[in-house]
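Just below is one structure, and these are the notes that go with it.
Read-outs: derived from the displayed coordinates by stated rules, not from any lab. Source: prediction; values computed, not measured. Glycine gets a Cβ as well: all are built from the backbone with ideal geometry, and neighbour counts include every protein chain shown.
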């Protein structure tokens, strides 16, 4: 079973909804989730917040967070996940922000640096990843990691516990 199929099955099983805020993946995570027939029962919406302006205006990332930490940071990923969950009113919010490459990296934020966050009723988890592939590979690894994080969040944070 593909990761997105497993995530969909768990969301349906637990009657949970999800929304995504994606930057460096450009909607890949949402595309994979919606590749599954019947996904409209749990995928409520998504924003590709590729620019800081959209992160602020549509997803709810604070200007101060972006100014202090930048778009590629644990703090921004956290606010993206919490913001999309609040804006779309879902059980889970997932965010991905990073540098897919091949350009755009710096000494402190190299190409392949990605922060992924999952937010729900029991709090927000953020993971820092350092991928080493091409742009396409980094995007795919980011989406895979986000799907695994969602599965883990659902399994370890049951709504009915």
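Brief remarks on what is shown
- Note on 131, 115: ascending count of other Cβ atoms within 10 Å places them as 131, 115, the fewest first.
- The order of 20, 129, going from fewest to most other C-beta atoms within 10 Å of their C-beta, is 129, 20.
- Helix 74-88 vs. the chain, principal-axis angle (Cα, 0 to 90°, nearest 10): 40
- Debye log10 I(q)/I(0) for the chain, one point scatterer per Cα, at q = 0.11, 0.16 Å⁻¹: -0.38, -0.80
- Order of 63, 69 under a 10 Å beta carbon neighbour criterion, fewest first: 63, 69
- Note on the chain: with a GNM built from Cα contacts shorter than 10 Å, the maximum mean-square fluctuation among 18, 99, 36 falls on 36.
- Computed over the range 65-146, the quotient of the alpha carbon radius of gyration and 2.2 N^0.38 Å is 1.08.
- Taking the C-alpha atoms only, the angle from helix 3-14 to the longest principal axis of the chain is near 50 degrees.
- For the chain, the longest principal axis of the C-alpha atoms and the axis of helix 135-156 are separated by about 40°.
- FRET E, pair residue 67, residue 130, Förster distance 35 Å, beta-carbon r, rounded to 0.05: 0.90
- Three principal axis extents of the range 19-92 based on alpha-carbon atoms, in descending order, are 41, 22, 18 Å.
- 15 Å cut-off, amide nitrogen to a point 7 angstrom out along residue 148 Cα→Cβ, residues in the range 7-37: 7
- Packing order of peptides 49-58, 80-89, 146-155, highest average first: 80-89, 146-155, 49-58 (average count of other Cβ atoms within 10 Å over each peptide's residues).
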